[in-house]
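One structure below.
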Amino acid sequence: MRIRDVYIVDAVRTPIGKFGGAYAGVRPDDLAAHVVRALVDRTPALDPARIDDVVFGDANGAGEDNRDVARMAVLLAGLPVTVPGVTVNRLCGSGLEAVIQAARAIALGDACVAIAGGVESMTRAPWVMQKPERAFPAAHQQMWSTTLGWRMTNPRMPQEWTGSLGEGAELVADKYALTREAQDAFALESHRKAAAAWAAGEYAAEVVPYPGVDLLRDECIREGSTMEALARLKPAFRTDGRGTVTAGNASPLNDGAAALLLTDEAGLAATGREPLARIRASAVTGIEPQLFGLGPVEAVRRALEKAGRGFADLTTLELNEAFAAQALGCLEAWPELDRGVVNPRGGAIALGHPLGASGARLAGSVAHQLAAAGSGTGMAALCIGVGQGIALVLER
């Protein structure tokens with residue numbers, strides 16, 4: 001069997017909205033449909049009926065994004081009903097998992113053209129309730145928020161595995177002796193780089209504003225933030241004087257969607273476009289759940305090894321900033337890496353982290369950066385709750 005080359009022809013995303021912000025009135029399936037439609041409209045030479053599959057990542061799927069949000073996006077975007085859609089869930093890595101699965105189908109000849117992406121509305125994630133064990137219980141029933149984190153936890157899970165995501169970030173800070181000041185400085189730099197990238201027009205090629213919503217850039221960027229302002233924030237997870245993780249050095253809660261158009265050689269010819277980049281290799285790994293933030297460490301190493309590349313070959317690395325402590329912990333574990341190539345246009349602390357969409361956003365950003373540079377090797381990587389890491393290598 002011949003393994004086919006897989007190309008990223010285009011990549012788009014919405015501006016990322018903050019929790020309860022600009023997209024509070026927009027359903028997640030409509031956000032997904034918007035980026036799918038935008039991809040199709042930006043490639044008029046491609047007959048939409050040629051799209052073999054649409055793969056979308058979605059971390060929660062408990063509300064309006066239920067019933068296979070990828071298929072809902074296909075229908076709401078006005079694509080032919082013959083175009084199928086499938087939704088995948090690898091929590092924070094879901095969007096990148098969608099890209100990898102779509103690319104794998106193309107590489108194996110099961111598809112020629114595919115759309116891969118991700119979506120999340122953390123604002124509109126519903127509260128849910130378990131069914132009672134018997135009819136009509138007299139006592140009050142527990143309601144659970146599906147916005148983020150553990151719920152309805154299996155009692156067989158060891159307690160150290162089921163702590164909060166923030167406590168997991170604190171454990172990484174402990175492991176590498178990462179100070180509060182170092183985390184705040186990393187967060188401040190994320191906002192600075194994001195604001196500079198927007199001011200320089202570096203996101204113009206990929207961002208497609210949602211119609212009817214007054215949001216033209218990512219909603220959580222705070223270009224006026226300072227170390228003094230960040231220092232005034234109280235630790236959010238440890239309140240015993242040992243805490244270092246705050247709302248200021250962690251990613252916010254967000255809403256947004258992203259999508260990429262993937263093809264093989266024949267599909268590329270049908271688009272009439274030059275590709276942004278080519279997919280080279282990917283890897284997914286596991287780690288102790290409480291140390292989920294270090295999940296990318298081994299995933300990145302394995303992906304580079306599969307690609308026949310090393311850290312010195314990377315011209316850009318988009319590392320998801322779930323927490324400053326988590327991102328800094330990964331960088332500490334990669335002493336060979338030039339930190340100057342990491343998140344050159346800002347990261348999730350500033351831009352936002354709409355769970356299921358983030359991996360697709362990162363892959364699309366790497367592809368656009370490689371296209372702007374004209375050549376290079378790029379990496380997208382994320383940590384994943386419950387202890388996983390995921391990475392993708394792109395080249396141009």
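Excluding Cys330 itself, calculate the net charge of residues whose Cβ lies under 13 Å from the Cβ of Cys330, where each Lys or Arg counts +1 and each Asp or Glu counts -1.
Numbers: positive: Lys175, Arg301, Arg339; negative: Glu298, Glu318, Glu321, Glu332, Glu336.
Spelling it out: positives minus negatives among the neighbours equals -2.
Going by the alpha-carbon gyration tensor, a ≥ b ≥ c the square roots of its eigenvalues, is the range 251-392 rounded (a/c under 1.5) or, if a/c is not under 1.5, prolate (a/b greater than b/c) versus oblate? If you can, show how the numbers build up before the last one.
Working: a/c = 1.70, a/b = 1.40, b/c = 1.22.
Taking the square roots of the gyration eigenvalues as a ≥ b ≥ c, the range 251-392 is prolate.
How many Å² of accessible area per residue for the chain, probe 1.4 Å? Write down the numbers at each step before the final one.
Details: 16170 Å² over 396 residues.
So the chain comes to 41 Å² accessible per residue, rounded to a whole number.
Would you mind telling me which residue in Arg27, Arg238, Arg37 has the biggest mean-square fluctuation in a Gaussian network model of the chain, where springs connect alpha carbons within a distance under 10 angstrom?
Comparing Arg27, Arg238, Arg37 in the GNM, the peak value goes to Arg238.
So for the pair Asp5, Ala185, with labels modelled 7 Å out along Cα→Cβ, what separation do we get in nm?
4.3
Between Ala372 and His140, take the C-beta separation as r, use R0 = 35 Å, and let me know the FRET efficiency to the nearest 0.05.
On the way: r = 56 Å, r/R0 = 1.60.
Rounded to the nearest 0.05, the efficiency is 0.05.
Taking the Cβ of Ala299 as the centre, find all other residues whose Cβ is under 15 Å away and add up their charges (Lys, Arg: +1; Asp, Glu: -1).
Details: positive: Arg90, Arg280, Arg301, Arg302, Lys306, Arg309; negative: Glu97, Glu288, Glu298, Glu305, Glu318.
Neighbourhood net charge equals +1.
Roughly how far apart, in whole Å, are the Cα centres of the range 341-389 and the range 230-294?
That distance is 6 Å.
So which GluC sites (Glu not before Pro) in the range 107-166 pass both tests, a DSSP loop state and at most 16 other Cβ atoms within 10 Å of the Cβ? Please list the in-between numbers first.
Details: sites: Glu120, Glu133, Glu160; in loops: Glu133.
Of the GluC sites (Glu not before Pro), the ones in loops of the range 107-166 whose Cβ has at most 16 other Cβ atoms within 10 Å are Glu133.
With springs only between Cα atoms under 10 Å apart, run a GNM on the chain and tell me which of Ala231, Ala247, Ala139 wobbles the most.
Its mean-square fluctuation being the largest, the pick is Ala139.
What number results when the radius of gyration of the chain, computed over Cα atoms, is divided by 2.2 N^0.38 Å?
On the way: Rg = 20.2 Å, N = 396, 2.2 N^0.38 = 21.4 Å.
After normalising by residue count via 2.2 N^0.38 Å, the value is 0.95.
Out of all DSSP beta bridges with both ends in the chain, state the antiparallel percent to the nearest 5.
The answer is about 70 percent antiparallel.
Select from Arg151, Arg309, Arg134 the residue whose mean-square fluctuation is largest in a Gaussian network model of the chain (Cα-Cα springs shorter than 10 Å).
In the Gaussian network model the winner is Arg134.
Using the Kyte-Doolittle scale, which helices in the chain average at least -1.0 and also have C-alpha atoms spread 15 Å or more along the helix axis, with helices defined as whole DSSP H runs?
TM-like helix candidates: 28-41, 94-107, 165-176, 180-199, 295-307, 355-373.
Can you tell me how the range 65-216 classifies by the Cα gyration tensor, rounded, prolate or oblate, using a/c under 1.5 as the rounded cut? Mind showing how you got there, number by number?
Numbers: a/c = 1.70, a/b = 1.08, b/c = 1.58.
The shape class here is oblate.
Give the carbon-plus-sulfur fraction of the accessible surface of the chain in %, rounded to a whole number; probe 1.4 Å, heavy atoms of protein chains only. Provide the component values of the computation, followed by the final result.
Numbers: 8590 of 16170 Å².
Carbon plus sulfur share of accessible area: 53 percent.
Taking the Cα atoms of the range 249-289 alone, what are Rg (to one decimal) and Dmax (as a whole number) in Å?
16.8, 46
If you take the square roots of the eigenvalues of the alpha-carbon gyration tensor of the range 1-48 and sort them as a ≥ b ≥ c, do you get rounded (a/c under 1.5), prolate (a/b over b/c) or oblate? Show your work: numbers first, answer last.
On the way: a/c = 3.10, a/b = 2.16, b/c = 1.44.
Prolate, because a/c is 1.5 or more and a/b exceeds b/c.
The values are calculated or read from the model by the stated rules, or taken from the named source; none is laboratory data. From a predicted model like this one, the values you see are computed outputs, not experimental measurements. Note that each Cβ is placed from the backbone with ideal geometry, even for glycine, and that neighbours are counted across all protein chains shown. The protein model used for the area step is the full one, side chains on, heavy atoms only, and it has no ligands, DNA or RNA in it. Shrake-Rupley method; radii C 1.70, N 1.55, O 1.52, S 1.80 Å.
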